[in-house]
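Peer 1: Structure below; questions to follow.
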Amino acid sequence: MTGGLVSAALFTGVIAASVGTAKAESSPPPITKEEMKKAAKIYFDRCAGCHGMLRKGATGPALTPDRTRKLGTEALEAFIYNGTLGGMPDWGKQGILSKEEINLLARYLQHEPPPPPELSMQQMKATWKVYMPVEDRPTRPQHNLNWKNFFGVILRDVGKVAIVDGDTKKLINIVDTGFAVHILRSSASGRYMYSIGRDGKATVIDLWLSKPDKVAEVKVCYDARSIDTSKYHGYEDKYAVVGCYWPPSFVVLDGMTLEPKKIVSTSSYYYDTQEFVREARVASIVSSHYDPIWVLNIKEAGQVWLVDYSKVDKGTIKIDMIDAERYLHDGGWDLSKRYFLVAANMRNKIVVIDTKDKELEAIVKVGTKPHPGRGANIDHPKYGPIWCTGHIGEKRIACIGTDPKGHPQYAWKVVKWIKMPGEGGGNLFIKTHPNSKYLIADRPLNPDPELKRSIFVFDKNTFELVKTLKVPKKYKNIRAVHEEFNKDGSEFWISVWGKKDQPTAILVYDAKTLKLKKEITGDWVRTPTGKFNVYNTMKDIY
Ligand code: DHE
């Protein structure tokens, strides 16, 4: 396939060309063309997600030369080496970046950011590959396995997705998906599993094949984090949509072949100052079960776009743009799946969108840097349906009332703060299941090595801490990350996230006794991060 090469060459070519055009207001430290190329690659891989390709800031602060030159090389090196309490990883301490690479980045950051490349439909199509045409695919599952209880497990740094049988815990296949897959999502029927990599490569895996494998792939951006599918009645498995970080855009794809159909730019205006923002990136996406719409969160603009995909084939896309709050990131449905709750993480708020009336329902103040993942839904005896989020910046979990009809006194208020033990935040994901008594939380970004490897289990009714689970000591220099329940909620799985050269494990806990019941291991278990149960993902159960 030439597409990856074309785009990589394009990317580095533009960077090289731009070196000569860097503005020289005061003098930045010297950097050669070769170093500039290398630094741009490291920045793209490690930093652009939070600070932006144009370095104007989002989840992380702006890193434009007017600011970075004031800090100077040494201070920048210290930040990159040690990380920050705000959640920036300690790239040096963790041994991910060497001293030389850190020095290079610190110098690079004091130069003007090179303009990143665009991507046309023609370039996208050049990367599009269908491995198995739709007419050759089976009409029913070619195996007798309980495929709705399969788990897709991201093997982040090796660019692969493992399909694991949730019943037997056996590895079914390892699918080559490309650089640093970020999330997986299911089609409405559950048959297709979609992955999106940071490199913007989308892959679709057919779970009905005798050996489930990818059936198509396409690269639709240089940098992406989200993908979802059309779930509304009549559109099941018809479309997929990718949310891109760069170029800032969303791309509608054919759900079964991934043929790109339509690119829409998301460059926009900040909802509040009405200044233009070129890098208005697409963060989370969810698919409405009640309308043919996708809910797209336009991070920098602070707008939620409700994208009506019912007339894509006729060349029409209708978008309702809802002003919300800046730096939208991750989020999920409430229990009724009418309201979508999304973190405006740098504003310490949760935005609530009413997808039925297509309007902003509420903005709720929570703690420092909320990071819900998809959040956790609880039907509480006193507060009624509530939705909870953890925080990167502090140790509390906030639970918000979500039932304005049945429990109006609690609606869109934090009804409960749950405290995690120990100091600091660092929580990334929380999860529960309707059949489980527990709410489970990780803390992979906490600097304390003991808290990093811990999983906290809270009672869903009393909110008391029931147990702290620790990753067995034999796994060294690791973090426990991301919880996912199996289909019936009788167990939950945790990833042991280490370095690429060290196989680790996926831990399976009994959801009643909280005992470790299985360690899924093997040479293939490298840098596992997100895990996605087919049934829970297709039905949005969390
Ligand atoms: Fe994620 C979800 C973006 C760092 C693992 N991550 C998301 C979503 C976004 C996002 C927008 C929501 C997708 C959706 O629902 O449609 N993530 C970003 C970033 O911009 C950030 C902060 C920095 C970056 O450069 O990527 C970032 N994320 C991370 C990690 O470091 C994690 C732990 C490992 C990794 O892959 O890099 C990580 N993010 C995940 C996972 C989900 C996710 C596992 C899906 C959670 C779920 O249960 O649905």
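Every read-out reported here was derived from the displayed coordinates using simple, explicitly stated rules and does not represent laboratory data. Model, not experiment: these values are computed from the prediction. Here the Cβ is made from the backbone with ideal geometry for all residues, glycine too, and neighbour counts use every protein chain on show.
Peer 1: Order these by the 10 Å Cβ neighbour count, fewest first: Val364, Val351.
Peer 2: By the 10 Å Cβ count, ascending: Val364, Val351.
Peer 1: Once you compute Rg and the Kirkwood Rh from C-alpha atoms, what is the Rg to Rh ratio for the chain?
Peer 2: Rounded to two decimals, Rg over Rh is 0.94.
Peer 1: With only alpha-carbon atoms in the gyration tensor, what are the semi-axes of the equivalent ellipsoid for region 76-233, in Å, largest first?
Peer 2: Sorted largest first and rounded, they come to 37, 21, 13 Å.
Peer 1: Starting from the 7 Å offset along Cα-to-Cβ, what nm value, one decimal, do you get for the label separation of Ser336 and Ser27?
Peer 2: 6.6 nm
Peer 1: Scaled to the compact-protein estimate 2.2 N^0.38 Å, what is the alpha-carbon radius of gyration of region 389-470, rounded to two decimal places?
Peer 2: Region 389-470 yields a ratio of 1.14.
Peer 1: Distance between Cα centroids, region 344-413 to region 51-90: provide it in whole Å.
Peer 2: Taking the Cα centre of region 51-90 as reference, the centre of region 344-413 is 30 Å away.
Peer 1: Please give the net charge around Ala58, taking every other residue with its beta carbon less than 14 angstrom from that of Ala58, where Lys and Arg add +1 and Asp and Glu add -1.
Peer 2: Neighbourhood net charge equals +4.
Peer 1: Whole-Å semi-axes of region 369-423's equivalent ellipsoid, largest first, each the root of 5 times a Cα gyration tensor eigenvalue?
Peer 2: 22, 11, 9
Peer 1: So which cysteines in the chain don't have a second cysteine's C-beta under 4.7 Å from them?
Peer 2: Lone cysteines by the Cβ rule: Cys47, Cys50.
Peer 1: A further question on this structure: Could you tally the net charge around Pro444, taking each other residue with its Cβ under 10 Å from the Cβ of Pro444, Lys/Arg +1 and Asp/Glu -1?
Peer 2: Result for the local shell: +3.
Peer 1: Okay, next question. Rounded to a whole number of µm²/s, how large is the Stokes-Einstein D of region 115-193 at 25 °C and 0.890 mPa s, given Rh as the Kirkwood radius over C-alpha pairs?
Peer 2: For the chosen part, D equals 163 µm²/s.
Peer 1: Continuing with this model, one more query. Going by average Cβ density within 10 Å per residue, which order do the peptides 421-430, 293-302, 250-259 take, highest to lowest?
Peer 2: 293-302, 250-259, 421-430
Peer 1: In debye, nearest 20, what is the charge dipole magnitude of the chain about its Cα centre with +1 on Lys and Arg Cβ and -1 on Asp and Glu Cβ, if you could check?
Peer 2: It works out to roughly 1020 debye.
Peer 1: Suppose a student asked you for the relative contact order of the chain, using Cα pairs under 8 Å spaced at least 6 residues apart; what percent would you report?
Peer 2: 9 percent
Peer 1: Under 16 Å from the Cα of Lys38, which lysines turn up, not counting those fewer than eight places away in the same chain?
Peer 2: List returned: Lys99.
Peer 1: Quote the charge dipole size of region 455-535 about the Cα centre in Debye, to the nearest 20; the model charges only the Cβ of Lys and Arg (+1) and of Asp and Glu (-1).
Peer 2: Rounded to the nearest 20 debye, it is 340 debye.
Peer 1: So if each residue of separation counts as 0.36 nm, and I subtract the Cα-Cα distance between Thr168 and Lys517, what length gain in nm does that give?
Peer 2: 124.4 nm
Peer 1: What does the charge add up to near Val181, with Lys and Arg as +1, Asp and Glu as -1, over the other residues with Cβ less than 9 Å from its Cβ?
Peer 2: Charge balance near Val181 sits at +4.
Peer 1: Using the structure shown, list the pairs from Lys170/Lys531; Lys129/Lys219; Lys129/Lys231; Lys473/Lys499; Lys148/Lys219 with a Cα-Cα distance above 19 Å, or answer none.
Peer 2: Distance filter (> 19 Å) returns Lys129/Lys231; Lys148/Lys219.
Peer 1: Could I ask something else about it? Where Rh denotes the Kirkwood radius from the mean inverse Cα pair distance, what is Rg over Rh for region 20-90?
Peer 2: 0.94
Peer 1: Shifting gears a bit: Counting only Cα, what are the radius of gyration and maximum Cα-Cα distance Dmax of region 344-496, in Å?
Peer 2: Cα-based Rg and Dmax for region 344-496 come out at 15.5, 52 Å.
Peer 1: Equivalent ellipsoid semi-axes for region 317-393, as square roots of 5 times the alpha carbon gyration tensor eigenvalues: give them largest first, rounded to whole Å.
Peer 2: Gyration-tensor ellipsoid for region 317-393: 19, 17, 10 Å.
Peer 1: Moving to a separate point now. Between rounded, prolate and oblate, where does region 465-542 land on the alpha carbon gyration tensor, with a ≥ b ≥ c its root eigenvalues, rounded for a/c under 1.5, else prolate if a/b exceeds b/c?
Peer 2: Cα axes put region 465-542 in the oblate bin.
Peer 1: Sequence gap of 8 or more, or different chains, plus Cα separation below 19 Å: how many lysine pairs satisfy both in region 345-410?
Peer 2: Here the count comes out as 8.
Peer 1: Give the peptides 184-194, 441-451 in descending order of average Cβ contacts within 10 Å, highest first.
Peer 2: 184-194, 441-451
Peer 1: Next question, about the same structure. If one computes the Cα centroid of region 449-465 and of region 259-277, what distance in Å separates the two points?
Peer 2: A separation of 39 Å, based on Cα centres.
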